[in-house]
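Nothing in this text is a laboratory measurement; each read-out follows from the coordinates by a stated rule. The structure presented is a predicted model; accordingly, all values stated were derived computationally and were not measured. We place every Cβ from the backbone using ideal geometry, glycine too, and count neighbours over all the protein chains shown.
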Amino acid sequence: MEHRQENRERDERLDQEIDRVLAGDSSAPDDTLTAQLAREFARLAAEQARARRSGARGGAAIHFIFYRRSRGGRRSARRY
Amino acid sequence: MHELLPPAEAREVLRRAQAYEERALTRLYQLFSDRIFRFIYYRIQDRPRAEELTNEVFVRLLENVENFRPGGGDVTLALTGWIFTIARNLIIDDYRRQKKRAAEPLPDDDTDLADETLDLDVRLTRADLQIALAQLTEEQQTVLLLRFEEGFTSAQIATMLGKTDMAIKALQRRALATMARLLTLPRADAARTGMS
């Protein structure tokens, strides 16, 4: 029971740490391995997001999918 | 707090999408296509296949949107959860079809190692992260990608996946603990054997 409570507290602390790092707070009061990994994960996700903003992925397929769906019915939508 | 689409707008877009209005369907595509692509690509590491599966997600959305019922809660989260669930199912089907099953996921790691204040002492690369991520269960991968890549809160992910907030927080910590172990043990082994 006590162990479960400890786990919950650790879950909660880590979740708050992730909220902080995702909000860009690098003050990092928690220095456990999981918190360090969370910060690395957030850093890489942010880097990736910046890269995405400078070069959007192409993806005009949707118009074709919709076109096929509206013209040819449900199954033909698969032949995009 | 992640705000993908205000609930009132989500309700309206969904209503119009269910009537197959092209502008509403296009809006859904614009909102979700990159997110879904990223989610799939992170998992399967094959860009052309990820593109195909992303398109397939939207085909399935088209086929089923008229029957989708968001329930009484947050429409945005219900819709987001539904679309990501389509993507998850397609990824699982794709693994099965290709008989390229991912390595058996490691058991949850709840050891104290991950809570020690050791220094991870390295800037990880995306490849490091992807390799470690691939060792997790499907559910753990989903939670971490929604949390870190998409910026949803634990409470939002819980709503999207139909779980409790506590369950998501526990999944999240065990997933990160497993990854931390995977990312630190090789270095510990290398140090023990005198290699760097």
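A few notes on this one:
- Integer Hz, Karplus 6.51/-1.76/1.60 couplings in order for segment A:35-45, x for Gly and Pro: 5, 4, 5, 4, 5, 5, 4, 5, 4, 5, 5
- 14 Å beta-carbon shell around B:E12, net charge (K/R +1, D/E -1): +3
- Between B:E52 and B:E21, the simple label model (points 7 Å from Cα in the Cβ direction) yields a spacing of 3.5 nm.
- Average partner coverage of A:20-27, which counts Cβ from other chains inside 10 Å: 1
- About the centre of its Cα atoms, segment B:122-172 shows a dipole size close to 140 debye [charges on the beta carbon of Lys, Arg (+1) and Asp, Glu (-1) only; nearest 20 debye].
- Pairwise FRET efficiency - B:T164 versus B:R97, Cβ, R0 = 41 Å, nearest 0.05: 0.80
- Each residue of segment B:71-83 was assigned a 3J(HN,Hα) from its phi angle through the Karplus curve 6.51 cos²θ - 1.76 cosθ + 1.60 (θ = phi - 60°); the sequence is x, x, x, 6, 5, 4, 5, 4, 5, 4, x, 5, 5 Hz, with glycine and proline shown as x.
- Among the residues of A:38-51, the average count of other protein chain beta-carbon atoms within 10 Å of the residue beta-carbon is 5.
- Counting charges near B:L161 (Lys, Arg +1; Asp, Glu -1) among other residues having Cβ under 14 Å from its Cβ returns a value of -1.
- Cut-off under 5 Å, modelled amide H: who pairs with B:G151 long-range: none
- Sequence-distant residues sharing a close amide H with B:K163 (under 5 Å, placed H): none
- If you take the Cα centroid of segment B:45-77 and the Cα centroid of segment A:1-32, the two points sit 32 Å apart.
- Cβ-to-Cβ counts within 10 Å put B:T153, B:T85, B:T54, B:T159 in ascending order as B:T85, B:T153, B:T159, B:T54, the fewest first.
- In order through segment B:51-62: 3J(HN,Hα) via Karplus (6.51 cos²θ - 1.76 cosθ + 1.60), integer Hz, x for Gly, Pro: 4, 4, 5, 4, 4, 5, 4, 6, 5, 5, 4, 4
- GluC sites (Glu not before Pro) restricted to segment B:1-71 and DSSP loop, no more than 11 other C-beta within 10 Å: B:E3
- Placing a pseudo-label 7 Å from each Cα along the Cα-to-Cβ vector at B:A127 and B:Q30 gives an inter-label distance of 3.7 nm.
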